[in-house]
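What follows is a set of notes on a single structure, which appears directly below.
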Amino acid sequence: MPDDTIFPNASGGFFFIADTGANTVYKITATDLAPGSVYIDVGDEFGILKLSTGVVTPIFTGVSPHGADFISFADVPEPSTAQLTFAGILLLGALLIVKSRMAGDRTTPRVC
């Protein structure tokens, strides 16, 4: 008997499968998903269900799945330009501080 049923809403994304036996969540990258396809976890496997026959073709086995979800590639946020710019400025500042400290470590002879 199936535990979870997923109807992907995009042609690509990530399946997240909770393995209760191992206390682990697996992330499976999926591409070229067929529109209207159905994925289920049943027994010790996660797979695609062929609606016309009821046959499950396993794609991930050897786990005790109990909980599954799908997130499309479009739903995964990308870092914004502002975040990347800010990170670059921080990195540049850190490099300048390190460089100035390294230059300050050089001892110069003092004239008395």
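For segment 30-42, indicate whether the set of residues that are aromatic (Phe, Trp, Tyr), under 14 Å from Asn9 (Cα atoms) and touching a Leu at 6+ places or on another chain (Cβ under 8 Å) is non-empty.
Yes, the conditions are met somewhere in segment 30-42.
Kindly check whether there is at least one residue in segment 89-96 that is surrounded by 11 or more Cβ atoms within 10 Å (Cβ to Cβ) and over 12 Å from Ile6 (Cβ atoms). Can you show your working first?
Taking segment 89-96 first, the residues surrounded by 11 or more Cβ atoms within 10 Å (Cβ to Cβ) are none.
Checked against the condition, which is being surrounded by 11 or more Cβ atoms within 10 Å (Cβ to Cβ) and over 12 Å from Ile6 (Cβ atoms), segment 89-96 yields no hits at all.
Tally time: how many residues in segment 20-34 are in a loop (DSSP other than H, G, I, E, B) and either in contact with a Gly (Cβ under 9 Å, 6 or more places away or on another chain) or among the hydrophobic types (A, V, I, L, M, F, W, C) (or both)?
Looking only at that region, the number is 6.
Where residues in segment 1-39 are farther than 21 Å from Asp75 by Cβ and among the β-branched types (Val, Ile, Thr), which of them is surrounded by the most Cβ atoms within 10 Å (Cβ to Cβ)?
Here the residue is Thr20.
Would you call Ile17 over 12 Å from Ala68 (Cβ atoms) and either among the aromatic types (Phe, Trp, Tyr) or not in a loop (DSSP other than H, G, I, E, B) (or both)?
For Ile17, the condition - over 12 Å from Ala68 (Cβ atoms) and either among the aromatic types (Phe, Trp, Tyr) or not in a loop (DSSP other than H, G, I, E, B) (or both) - is not met.
Return the total of residues in segment 58-100 being over 24 Å from the mean Cα position of the chain (by Cα) and either at pLDDT below 80 or β-branched (Val, Ile, Thr) (or both). Even if it seems obvious, please write down each step before you answer.
Going through segment 58-100, the residues over 24 Å from the mean Cα position of the chain (by Cα) turn out to be 89-100.
Within this subset, residues satisfying the condition of being either at pLDDT below 80 or β-branched (Val, Ile, Thr) (or both) are 89, 97-98.
The qualifying residues number 3.
The values are calculated or read from the model by the stated rules, or taken from the named source; none is laboratory data. Predicted model only: the values in this text are computed from it and were never measured. Because the Cβ atoms are built from the backbone with ideal geometry, glycine has one as well, and the counts that use them run over all protein chains shown.
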